[in-house]
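Q: Structure in structure tokens, see below.
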Amino acid sequence: MHLRRIAQERANLQNDPLPTCSARLINDEDPYHWAATISGPPASPYANQNFELRVLLPDNYPHNAPKIFLTTPIFHPNVSSTGEVKMGDLEPDQWCPALTIRTLLISVQALLSDANLADGCIVNEEAASLYLRDIEEFKRKVRE
């Protein structure tokens with residue numbers, strides 16, 4: 001069942017691509033490791049930038065959430081120093097099998113416009129503190 005779901009998602013992304021996001025298998029022999037790209041949202045400090053991601057699907061996807069890592073360096077409250085993206089949709093208690101790689105990429109892109117400062121979602125304290133204390137300085141640091 002899970003391999004059929006992954007193949008369906010792959011076909012959907014190829015047949016109906018998103019203008020600001022893309023995803024593909026890194027290796028056709030391994031359906032669990034994907035490379036993706038998202039564009040920074042226009043009204044965000046990440047505008048006019050493209051970000052590379054890795055999506056790692058668990059063996060029992062879609063019953064369990066994937067892990068998403070930004071491989072492009074980024075200064076953001078919800079992205080760890082190793083690039084791991086922390087957002088509610090990926091938490092075990094909030095994960096819904098109806099979510100897809102497509103919807104997750106859109107969610108990561110939205111996170112770039114509006115950081116999630118809820119308890120448990122902050123993985124970069126410096127970025128979160130600056131975001132709360134001085135948004136203009138935060139935006140300047142992002143553009144560095």
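The values are calculated or read from the model by the stated rules, or taken from the named source; none is laboratory data. Quick caveat, the model's predicted, so the values are computed rather than measured. Positions of Cβ are backbone-derived with ideal geometry, glycine not excepted, and every protein chain shown enters the neighbour counts.
Q: Looking only at the range 113-144, count how many residues are part of a loop (DSSP other than H, G, I, E, B), among the small types (Gly, Ala, Ser) and surrounded by 16 or more Cβ atoms within 10 Å (Cβ to Cβ). Steps first, answer last, please.
A: The first filter runs over the range 113-144 and keeps only residues part of a loop (DSSP other than H, G, I, E, B), leaving 114-124, 134, 144.
Filter once more, so that each one left must be among the small types (Gly, Ala, Ser): 115, 118, 120.
From the residues that got through so far, the ones that are surrounded by 16 or more Cβ atoms within 10 Å (Cβ to Cβ) too are 115.
Of the residues in the range 113-144, 1 are part of a loop (DSSP other than H, G, I, E, B), among the small types (Gly, Ala, Ser) and surrounded by 16 or more Cβ atoms within 10 Å (Cβ to Cβ).
Q: Turning to a different aspect of this structure: Which residues, counting only those in the range 87-99, are of a type outside the set (A, V, I, L, M) and either exposed (fewer than 15 other Cβ atoms within 10 Å of the Cβ) or in contact with a Gly (Cβ under 8 Å, 6 or more places away or on another chain) (or both)?
A: Initially, the range 87-99 is screened for residues of a type outside the set (A, V, I, L, M), giving 88-89, 91-97.
Answer for the range 87-99, where residues must be of a type outside the set (A, V, I, L, M) and either exposed (fewer than 15 other Cβ atoms within 10 Å of the Cβ) or in contact with a Gly (Cβ under 8 Å, 6 or more places away or on another chain) (or both): Glu91, Pro92, Asp93, Gln94, Cys96, Pro97.
Q: Looking only at the range 21-50, count how many residues are at pLDDT below 95 and aliphatic (A, V, I, L, M).
A: So the answer is 1.
Q: Residue by residue through the range 64-96, note down the ones that are assigned to a loop (DSSP other than H, G, I, E, B), of a type outside the set (Phe, Trp, Tyr), at pLDDT 95 or above and over 21 Å from Val142 (Cα atoms).
A: Asn64, Ala65, Pro66, Cys96 - these are the residues of the range 64-96 that are assigned to a loop (DSSP other than H, G, I, E, B), of a type outside the set (Phe, Trp, Tyr), at pLDDT 95 or above and over 21 Å from Val142 (Cα atoms).
Q: Let me ask something else. For the range 24-50, enumerate the residues that are touching a residue at least 60 places away in the same chain (Cβ under 8 Å) and over 17 Å from Arg10 (Cα atoms). Spell out the reasoning first.
A: First pass over the range 24-50, keeping only residues touching a residue at least 60 places away in the same chain (Cβ under 8 Å): 34, 36, 38-41, 43-46.
Of everything in the range 24-50, those that are touching a residue at least 60 places away in the same chain (Cβ under 8 Å) and over 17 Å from Arg10 (Cα atoms) turn out to be Ser39, Gly40, Pro41, Ala43, Ser44, Pro45, Tyr46.
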